[in-house]
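Asks: Structure incoming, see below.
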Amino acid sequence: MLFGDEHVRRYEETDGKEGHDWNGGVPTLVLTTKGRKTGQERKFALIYQEVDGNPVIVASKGGAPNHPGWYLNLLADPEAKVQIWGDKFTARARTTEGEERAKLWPVMAKVWPDYDNYQTKTDREIPVVVLERV
């Protein structure tokens, strides 16, 4: 099973033929953010689901008490690069709230059921992020 930088590398080299369907078929994308401290590109392979034409991702960090670095990078600069299969595009990240988040959470938990477990491990509300093409 692919993880971390190796997952990203193989995904990019094969336009997702290796890496898109992860861990038994869970869909993943590659998200590239600008490091909030370094300004350098940072790449992450993340679980996603397309909803209403936009990829949706979850900043779970396995239920850790703090947000993942990629999410903090998006808060500092919401513009990011996204790759799904061979499709590469620029997106603007938007954190969902209220009704929209409530609608999207079960969609994402269906893709990765551990999200429900992760939410029980932390006091923070795990962000659900929509990546809108620009």
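Asks: Note down all Cβ pairs under 6 Å where the first residue falls in region 22-42 and is under 9 Å from residue 81 (Cβ atoms), the second is among the hydroxyl-bearing types (Ser, Thr, Tyr) and not in a strand (DSSP E or B), and they're at least six residues apart or on different chains.
Replies: 30/11
Asks: With 76, 91, 80 as the choices, which residue is open to solvent by less than 20 Å² (accessible area, probe 1.4 Å), in contact (Cβ under 8 Å) with a residue 24 or more places away in the chain and farther than 24 Å from residue 106 by Cβ?
Replies: The conditions single out 80.
Asks: Which of the following residues is exposed (fewer than 13 other Cβ atoms within 10 Å of the Cβ) and at negative phi: 35, 24, 86, 53?
Replies: After applying the criteria, what remains is 86.
The values are calculated or read from the model by the stated rules, or taken from the named source; none is laboratory data. Small disclaimer: the values here were computed from a predicted structure and weren't measured. Glycine also receives a Cβ, built like all others from the backbone with ideal geometry; neighbour counts cover every protein chain displayed. The protein model used for the area step is the full one, side chains on, heavy atoms only, and it has no ligands, DNA or RNA in it. Shrake-Rupley method; radii C 1.70, N 1.55, O 1.52, S 1.80 Å.
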